[in-house]
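The values are calculated or read from the model by the stated rules, or taken from the named source; none is laboratory data. Because the structure is a prediction, the values reported are computed rather than measured. Counting neighbours? That spans all protein chains shown, and the Cβs are built from the backbone with ideal geometry, glycine included. Ligands, DNA and RNA are excluded from the accessible area calculation, which covers all protein heavy atoms including side chains. Shrake-Rupley method; radii C 1.70, N 1.55, O 1.52, S 1.80 Å.
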Amino acid sequence: MKKALKDEGIDSGVVLGGVGMLRKPPDAFYKGGGVYEPLPVEGEVELCALNGNIASVDGEPFIHVHATLGRADGSAVAGHFAGGKVHMTAEVAITAVGSKMTRVLDSKTGLKSLRFE
């Protein structure tokens, strides 16, 4: 996705949504203190919802998205989304925004906080 963003010249944007089907996508739940707990997602899953934003960190696109993934048994898992391989198809809607968005390390939280220029 970063290559597509660079090719299109998008360094600040909003991920409006996404649907499709993925294989073994990494997903995690943020526990605080910089710790992410992995969520077990095995096999093929439906990408039911995807949303987040795109900002710059050190001149590179930084993608922060959350996803809801549906399993074959009808259960779902949701959390921070870190990618995955497309199983059949994946459709993601992104819109660029006029304001420059960057992420800067926040000493209080230890997270890269979103800033608008």
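Here the convex hull built on the C-alpha positions of the stretch 48-103 has a volume of 96 cubic angstrom per residue.
Calculated mean residue ellipticity at 222 nm for the chain: -1500 deg cm²/dmol, from DSSP H runs with n ≥ 4 weighted as -39500 (n - 2.57), summed, divided by the residue count and rounded to 500.
Leaving ligands, DNA and RNA out of it, report the carbon-plus-sulfur percent of the accessible area of the chain at a 1.4 Å probe. Answer for the chain: carbon and sulfur cover 56 percent of the accessible area. Farthest towards the positive end of the charge dipole of the chain, among the residues Ser99, Thr68, Gly79, is the Cα of Ser99, using unit charges on the Cβ of Lys, Arg, Asp and Glu. In whole angstrom, how far apart do the alpha carbon centroids of the stretch 6-33 and the stretch 70-117 sit? The distance from the Cα centre of the stretch 6-33 to that of the stretch 70-117 comes to 4 Å. Take the Kirkwood radius over Cα pairs of the chain, plug it into Stokes-Einstein at 4 °C and 1.567 mPa s, and you get 86 µm²/s for translational diffusion.
Taking every protein chain into account, the accessible area of the chain amounts to 61 square angstrom per residue (probe 1.4 Å).
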